[in-house]
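Presented below is the structure to which this report refers.
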Amino acid sequence: MLHLILLLSLSFQSQMPSILSTTFTLTNNCAQTIWPGILANAGSTPPASTGFALNPSTSRSIVTPAPWSGRFWARTLCSTDQSGRFTCASGDCGSGTVECSGGGAAPPTTLAEFTLAGGDGTMDFYDVSLVDGYNIAMLVEPNGSSASACAVTGCVAELNGACPVELKVGAGIACKSACEAFGTDEYCCNGVYGNPNACKPTVYSEFFKRACPRAYSYAYDDATSTFTCSSADSYVITFCPGLTTRVKSEGRESSGIRPLINDSMVFLGVRTSSAVAKDVTGMVIVGFGYLLVWVCYDR
Ligand SMILES: *[C@@H]1O[C@H](CO)[C@@H](O)[C@H](O)[C@H]1NC(C)=O
Ligand SMILES: *[C@@H]1O[C@H](CO)[C@@H](O)[C@H](O)[C@H]1NC(C)=O
């Protein structure tokens, strides 16, 4: 009997999903090289690499233990100077090297934040945050055989060009939060504004929220910006997701959550020339179809 129980429990264990680690697949869909950075929160073990170069159209997997909490972001426009110091125009982590080694992202930077197996130990919490500003479009997709019920989140719009001039960094390499740009308690949710009843959306947070309805736009934006998943084996983080997003998020749009993409926005921006070319080709084919129908039935 004991043997049977042992056997049963062994086979049961082998069928349990591995909850001791989580894999993140980082994909660079941008036209340029990016340098992802990873910061484990205090008390969490850093992954084997905390920063690396990621060429266009390539992916790299990062394994973290679970429970784990930390964040992922992209550094852009990086270079090594004559003294050998590595720096980036956005998302720099201050380490002077490609590895961030415990350094966090200098704002403004789009952040993907995770708390794995947090709370009661079965739930993952994840969000994409623009509270520290924006430097790149990001998409987070829970992945795994039963993860299809878990919402995709992210900020898919290209906001560097559309950024209000008072928040813009340089010619448009990133877009500051109002807190960083103006430093007031009202924008930073500090002082008398340090609670959700007092700190409300502003015209600046609403700029981010309209473009990216599922992303955090200010510190107390939790209700529409934090997502949970209890069944993901891995998470796919895509930088510059572009138009592929629309297809990928199909079928996951459970009611009661905001759309991932605001269809009424004109500055989704992610339309690459090849995507436009595909659209034009599609329109030509549809137009030709109509013509055929018209020619065949109208006679
Ligand atoms: C998604 O999950 C499946 C298994 O459930 C795995 O085979 C696949 O490699 C994962 N994809 C990515 C991009 O991590
Ligand atoms: C989408 O954008 C329009 C125009 O800026 C705005 O009025 C609307 O509230 C946005 N929708 C969402 C879901 O944020």
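Taken together, the values in this text are just the output of simple stated rules run on the coordinates, not laboratory data. Computed from a prediction, not measured in an experiment: that's the story for all the values here. Please note: Cβ atoms are built from the backbone with ideal geometry, for glycine as well, and neighbour counts cover all protein chains shown.
Quick check on this structure: which one of Arg71, Arg75, Arg60 is within 16 Å of ligand 1 (Cβ to nearest atom), under 20 Å from the mean Cα position of the chain (by Cα), in a strand (DSSP E or B) and not aliphatic (A, V, I, L, M)?
On inspection, the qualifying residue turns out to be Arg60.
Which strands (runs of 3 or more DSSP E) does segment 90-155 wholly contain that include 2 or more residues that are in contact with a helix residue (DSSP H, G or I) (Cβ under 8 Å, 6 or more places away or on another chain)? Working first, answer last.
Working: elements: 111-118, 123-129, 138-143, 153-155.
So the answer is 138-143, 153-155.
Before we move on, is Thr184 buried (at least 23 other Cβ atoms within 10 Å of the Cβ), away from ligand 2 (no atom under 15 Å from the Cβ) and among the hydroxyl-bearing types (Ser, Thr, Tyr)?
Values: buried (at least 23 other Cβ atoms within 10 Å of the Cβ): no; away from ligand 2 (no atom under 15 Å from the Cβ): yes; among the hydroxyl-bearing types (Ser, Thr, Tyr): yes.
The answer is no for Thr184.
Could you check segment 200-218 and list, in sequence order, the residues that are assigned to a loop (DSSP other than H, G, I, E, B) and either crowded, with 21+ Cβ neighbours inside 10 Å or touching a residue at least 40 places away in the same chain (Cβ under 8 Å) (or both)? Outline the logic, then answer.
Looking only at segment 200-218, we keep the residues that are assigned to a loop (DSSP other than H, G, I, E, B), and these are 200-202, 212-215, 217-218.
Those that are assigned to a loop (DSSP other than H, G, I, E, B) and either crowded, with 21+ Cβ neighbours inside 10 Å or touching a residue at least 40 places away in the same chain (Cβ under 8 Å) (or both): Cys212, Pro213, Arg214, Ala215, Ser217, Tyr218.
For the condition in contact (Cβ under 8 Å) with a residue 12 or more places away in the chain and out of contact with any Pro (no Cβ under 8 Å at 6 or more places or on another chain), what is the one hit in Asn197, Asn143, Asn190?
Working: Asn197 fails: in contact (Cβ under 8 Å) with a residue 12 or more places away in the chain; Asn190 fails: in contact (Cβ under 8 Å) with a residue 12 or more places away in the chain.
Exactly one of Asn197, Asn143, Asn190 is in contact (Cβ under 8 Å) with a residue 12 or more places away in the chain and out of contact with any Pro (no Cβ under 8 Å at 6 or more places or on another chain), namely Asn143.
So, in segment 156-184, how many residues would count as being in contact (Cβ under 8 Å) with a residue 40 or more places away in the chain, in contact with a Phe, Trp or Tyr (Cβ under 9 Å, 6 or more places away or on another chain), over 16 Å from Glu206 (Cα atoms) and assigned to a loop (DSSP other than H, G, I, E, B)?
1
Considering Lys168, Lys176, Lys200, which residue is out of contact with any strand residue (DSSP E or B) (no Cβ under 7 Å at 6 or more places or on another chain), away from ligand 2 (no atom under 14 Å from the Cβ), over 20 Å from Phe114 (Cβ atoms) and of a type in the set (Lys, Arg)?
Numbers: Lys168 fails: out of contact with any strand residue (DSSP E or B) (no Cβ under 7 Å at 6 or more places or on another chain); Lys176 fails: out of contact with any strand residue (DSSP E or B) (no Cβ under 7 Å at 6 or more places or on another chain).
The conditions single out Lys200.
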